[in-house]
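Trainee: There's a structure below that I have some questions on.
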Amino acid sequence: MKVKCPTCKKKVEWKDNPYRPFCSERCKLIDLGAWASGEYKIEGKLEDELEKILSESEKERKEKDNA
């Protein structure tokens, strides 16, 4: 079965492909770099929770500074 590489869109064999779903290590690393740089992100509840935690932490820090 052939699938399209998510990075370059080249058709590549799925079976016995060590880089699947990518066609090569290069395409795999390009994708990893995009995730690492924030080009891709999964939005949703986790991001909202992180913002809440950070704002609470900032609030606590300000309270300690004013005490």
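What follows draws every value from the coordinates through simple rules; no lab data is involved. These numbers come from a predicted model, not from an experiment. Positions of Cβ are generated from backbone atoms using ideal geometry, with glycine treated the same way; all protein chains shown enter the neighbour counts.
Trainee: Collect the residues in the range 17-38 that are assigned to a helix (DSSP H, G or I), closer than 23 Å to residue 2 by Cβ and not aliphatic (A, V, I, L, M), keeping them in residue-number order.
Mentor: Passing the criteria: 25, 26, 27, 28, 31.
Trainee: Another question about this same structure. Looking only at the range 21-44, which residues are farther than 14 Å from residue 9 by Cβ and in contact with a helix residue (DSSP H, G or I) (Cβ under 6 Å, 6 or more places away or on another chain)?
Mentor: Once the filter is applied, which keeps residues that are farther than 14 Å from residue 9 by Cβ and in contact with a helix residue (DSSP H, G or I) (Cβ under 6 Å, 6 or more places away or on another chain), the range 21-44 yields only 40.
Trainee: Then there is this: Hey, any hits in the range 16-35 for a residue that's over 16 Å from the mean Cα position of the chain (by Cα) and surrounded by fewer than 10 Cβ atoms within 10 Å (Cβ to Cβ)?
Mentor: yes
Trainee: While we're on this one: Report, ordered by the first and then the second residue, all pairs with beta carbons closer than 7 Å, sequence separation of six or more or different chains, a first member in the range 1-20 that is without any contact (Cβ under 8 Å) to a residue 24 or more places away in the chain, and a second member that is in a loop (DSSP other than H, G, I, E, B) and among the aliphatic types (A, V, I, L, M).
Mentor: Pairs found: 14/1; 15/1.
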